[in-house]
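A short worksheet on the structure shown next.
Every number in this text was worked out from the coordinates using simple rules, so none of it is lab data. Quick caveat, the model's predicted, so the values are computed rather than measured. Heads up, the Cβs are rebuilt from the backbone with ideal geometry, glycines too, and the neighbour counts pull from every protein chain shown.
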Amino acid sequence: MTYSGDVSPGGAPAVRELDGLTITKVSVGPMDNNAYLLRCRDTGEQLLIDAANEAPRLLELVGDAGLATVVTTHQHMDHWVALEEVVAKTGARALVHADDAAGLPIPAQPLTDGDTVAVGDRELEVIHLRGHTPGSIALLYRDPAGVPHLFTGDSLFPGGVGNTDRDPQRFGQLVDDVEHRLFDRLPDETWFYPGHGRDSTLGAERPSLPQWRARGW
């Protein structure tokens, strides 16, 4: 089946096969959070982005292959409800940006902008996007055989940047980081995977950047 990225709580995962990486997207309740299981096709090593909720379901997704790493995109609780149980049952290392580490229920290794996180033979680049939370991050996979793939947490969605509680300073920081650290660096065909809802591409959203700035959210 062609990957669409459309998932719903309790529904079937969506699976995307890249040349060296398999991406499995699943939605968990009650807040329709997306969790992403990445598997290196050469080594079989797996990494989970946001152990958001429904630990038994995420563990079933992981299966017998084991889990090496869980990366939490930011400190909001709906993105880590299952983290403690998933880590306890798999032995995976937990990673989060240093500025959000205090908001997690378990100790996690700190990340910073520009770090790389391995998934077997593949690498994800950490991009710090300030504003939704102090330590929000995106994870970038530059597919050598295709387009870039970007996991944006709650910092970028189809239709706008993440919630900044109508704080002009936080909004300005976030929209600046999203524009300069994502849109200015990456091509239109970059596919991005948000923390809730449907995927999009940077090209589909790029024309709306001035509108986002003008409306202030």
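Some notes on this structure:
- Per residue, the average separation of C-alpha pairs within less than 8 Å and at least 6 apart gives the chain a relative contact order of 15 percent.
- Chymotrypsin sites (Phe, Trp or Tyr not before Pro) restricted to DSSP loop in region 165-207 with at most 14 other C-beta within 10 Å: none
- The chain - Kirkwood radius from inverse mean 1/r over Cα pairs (Å): 17.1 Å
- All Cα-Cα distances of region 101-217, cut into 10 Å bins from zero to the largest, leave 14, 46, 32, 8, 0 percent in each bin in turn.
- Near the amide H of SER136, within less than 5 Å, lie the amide hydrogens of LEU129, GLY131, all on another chain or at least 5 residues away, with H placed in the peptide plane.
- Selection from PRO187, HIS149, THR43, by position along the positive dipole direction of the chain (Cβ): PRO187
- Centroid-to-centroid, using Cα positions, region 106-163 and region 168-206 are 11 Å apart.
- With at most 16 neighbouring Cβ atoms within 10 Å, loop trypsin sites (Lys or Arg not before Pro) (DSSP) excluded, longest segment of the chain: 42-165
- The stretch between ALA12 and ALA102, if pulled fully straight at 0.36 nm per residue, gains 29.1 nm over its current Cα-Cα span.
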